[in-house]
Amino acid sequence: MPSYERLSELLDPEGTVLLTVECQQGVVGADSALPELAREARASGALANVARLVAGAHESGVQVIHAIAERRPDGRGANRNARLFRAAERLPVQQLSGTAAVRVAAPIEVTEQDFVVRRLHGLSPIHGTEVDALLRNLGCRTLVVTGVSANVAVPNAVFDAVNRGYTAVVATDAVAGVPSEYTPAMIRHTLALVATLATTDEVLACLRRPRRPGRA
């Protein structure tokens with residue numbers, strides 16, 4: 001883990017944005033299309049930690065973006081070029097636009113200041129969505145990545161952030177995937193090579209630190 005001074009420098013609230021990835025009711029909620037992933041997100045404490053980070057960001061004036069994956073009822077524009085997409089079409093719970101499945105899941109709270117970015121295609125919360133333009137317009141330098149899953153969408157978000165010149169910070173205990181042992185292995189052997197790793201408590205300590213004189 002980085003030193004507090006290094007992490008504190010990266011997490012300057014004026015240049016930091018918090019991204020939650022696919023923390024929606026149809027993925028991590030009680031009626032999830034992926035019950036194993038939903039159970040892991042809750043049992044591991046990852047979803048609760050995402051909620052803590054979002055609350056801390058709100059308190060500190062850090063911008064929050066919620067990335068949601070959904071599809072049209074007719075499926076137009078959705079990918080069908082991988083097993084994952086074809087399997088998702090057969091799931092009993094569908095992430096359909098306008099339904100409860102694509103609402104941000106409790107206990108995460110969404111405020112009027114948050115952005116909710118919805119995508120109809122692809123694997124990444126950043127590539128092909130509004131997220132990159134929003135980050136640039138917000139003056140983002142550091143993107144804190146949280147959510148699900150460690151198998152696909154979270155590493156996609158980290159790689160895309162790094163490729164676009166942002167510094168990625170992964171909140172290691174606010175990320176979940178399946179099986180449970182895969183997440184720490186993926187973080188250690190893959191994301192650690194391109195992102196700064198920190199716990200929820202470490203991120204919150206930096207976001208809540210007193211502002212320097214002269215800062216808003």
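Scanning segment 1-37 for residues that are crowded, with 16+ Cβ neighbours inside 10 Å and of a type in the set (S, T, N, Q) turns up Thr16, Thr20, Gln24, Gln25, Ser32. The condition of being over 14 Å from the mean Cα position of the chain (by Cα), farther than 24 Å from Val93 by Cβ, in a helix (DSSP H, G or I) and not hydroxyl-bearing (Ser, Thr, Tyr) holds for only one of Glu14, Glu36, that being Glu14. Within the option set Arg80, Arg76, Arg118, Arg86, being of a type in the set (Lys, Arg), open to solvent by 50 Å² or more (accessible area, probe 1.4 Å) and part of a strand (DSSP E or B) holds for one residue only, Arg118. Of all residues in segment 38-62, those satisfying the criterion of being open to solvent by 20 Å² or more (accessible area, probe 1.4 Å), of a type in the set (A, V, I, L, M) and more than 14 Å from Gly177 (Cα to Cα) are Ala48, Ala55. Residues in segment 74-128 that are hydrophobic (A, V, I, L, M, F, W, C) and more than 14 Å from Ala33 (Cα to Cα): Ala78, Ala82, Val104, Ala106, Ile108, Val110, Phe115, Val116, Val117, Leu120, Leu123, Ile126. Looking across segment 121-147, the residues that are open to solvent by 10 Å² or more (accessible area, probe 1.4 Å) and on the phi > 0 side of the Ramachandran plot come down to Gly122, Gly128, Gly139.
For the condition within 13 Å of the chain's Cα centre (by Cα) and of a type in the set (Gly, Ala, Ser), what is the one hit in Gly128, Gly177, Gly139?
Criteria check complete, one pass: Gly177.
Of all residues in segment 161-168, none are in contact with a Pro (Cβ under 7 Å, 6 or more places away or on another chain) and surrounded by 17 or more Cβ atoms within 10 Å (Cβ to Cβ). I need the full set of residues from segment 89-103 which are within 17 Å of Gly147 (Cβ to Cβ) and either touching an Asp or Glu at 6+ places or on another chain (Cβ under 6 Å) or open to solvent by 30 Å² or more (accessible area, probe 1.4 Å) (or both), in order please. Correct list: Gln95, Val102, Arg103.
Take the residues in segment 92-106 that are in contact (Cβ under 8 Å) with a residue 40 or more places away in the chain and outside any loop (DSSP other than H, G, I, E, B); name whichever of them is nearest to the chain's Cα centre (by Cα).
Looking at residues that are in contact (Cβ under 8 Å) with a residue 40 or more places away in the chain and outside any loop (DSSP other than H, G, I, E, B), I get Val104.
The values are calculated or read from the model by the stated rules, or taken from the named source; none is laboratory data. The structure presented is a predicted model; accordingly, all values stated were derived computationally and were not measured. Using ideal geometry, Cβ is built from the backbone for each residue, glycine included, and neighbour counts are taken over all protein chains shown. Side chains included, ligands, DNA and RNA excluded: accessible areas come from the protein's heavy atoms. Shrake-Rupley method; radii C 1.70, N 1.55, O 1.52, S 1.80 Å.
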